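Here is the structure we will look at, set down as structure tokens.
The values are calculated or read from the model by the stated rules, or taken from the named source; none is laboratory data. Everything numeric here is computed off the predicted structure, so don't read it as measured data. Counting neighbours? That spans all protein chains shown, and the Cβs are built from the backbone with ideal geometry, glycine included.
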Amino acid sequence: MAWVGVAAFVAAIVGGLGGFGTGVILTAVLIPVIGVKAVLPVLTVAGVIINAGRMYFNRDAIDWKMLRTVLLAAMPAMIAGVYVFNALPARTLQIVLAVFIAAVIPLRRWAAHRELRLERRGVLVGGGVFGFLSGVVSGTGVFLISLLLSTGMPGTAIVATDAAISMLNDGFRLALFGGYALVDWSTFITGVIIGTITIPGSWCARWLTTRMSAHLHIAVIEGLLLIAAIWLVASALRG
């Protein structure tokens, strides 16, 4: 399990630099260890801690109005997403995860190329999609980052607001998982341990923000996403 801790630390650095990537990396690492159905509940517990750390280190830049708008649509939609998650068999869920992760790269590039700026109505629609996906798969941070980018927010505000939205989103999802009995003490403790390990990584990410090329960071994340998607598909087909 030591290598899982190392992966959590590195994933926190990657996610802290750009606002996405942590959940995807940890999904690929944890599935062989705890199984696909346990991954999202564990990462939900860990996500509360991970994003609380990111939120604290970037608290001065949070756009609270944007946060309220996204969560207004995301939380109701997540109820439907968690229902779907609970109903899907493990192998199907793993393939869905792999497809979503593989789609992350063209999705991010499409959003960056279009340079669209959404108004409140568009943010509400995007928030609903984000909420539903959050109930079904991990690694939805890239969708949220793309959504926030499309509003024209500055980079520091995007990372900070993403962290605050994600923390509250994970807290709500944790409550829903509890209602479906998807979180037991083992799941909770595993998530707390992983989340705690990531706190120093979030601090390192904050320190590295002004010291790493944005292009290099995106290239690293896209490479990791592609590897994660291939790994998940191969694992699902073997199972």
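Quick look at the values:
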item: Residue identified as touching a Ser or Thr at 6+ places or on another chain (Cβ under 9 Å), modelled with pLDDT under 85 and either closer than 20 Å to residue 24 by Cβ or not hydrophobic (A, V, I, L, M, F, W, C) (or both) among 210, 198; result: 198
item: Selection status of residue 145, in a helix (DSSP H, G or I), touching a Gly at 6+ places or on another chain (Cβ under 9 Å) and at pLDDT below 90; result: yes
item: Qualifying residue in region 184-201 (condition: farther than 20 Å from residue 75 by Cα, polar (S, T, N, Q) and under 16 Å from the mean Cα position of the chain (by Cα)); result: yes
item: Flag if residue 152 is closer than 27 Å to residue 127 by Cα, of a type outside the set (A, V, I, L, M) and not in a helix (DSSP H, G or I); result: yes
item: All positions within region 146-165 that are crowded, with 21+ Cβ neighbours inside 10 Å and touching a residue at least 60 places away in the same chain (Cβ under 8 Å); result: 147, 148, 151, 158, 159, 160, 161, 162, 163, 164, 165
item: Qualifying helices (runs of 4 or more DSSP H) (wholly inside region 8-89; at least 2 residues being modelled with pLDDT of 80 or more and under 20 Å from residue 208 (Cβ atoms)); result: 36-57
item: Extreme residue, modelled with the highest pLDDT, among residues of region 179-194 that are farther than 19 Å from residue 50 by Cα and not hydrophobic (A, V, I, L, M, F, W, C); result: 184
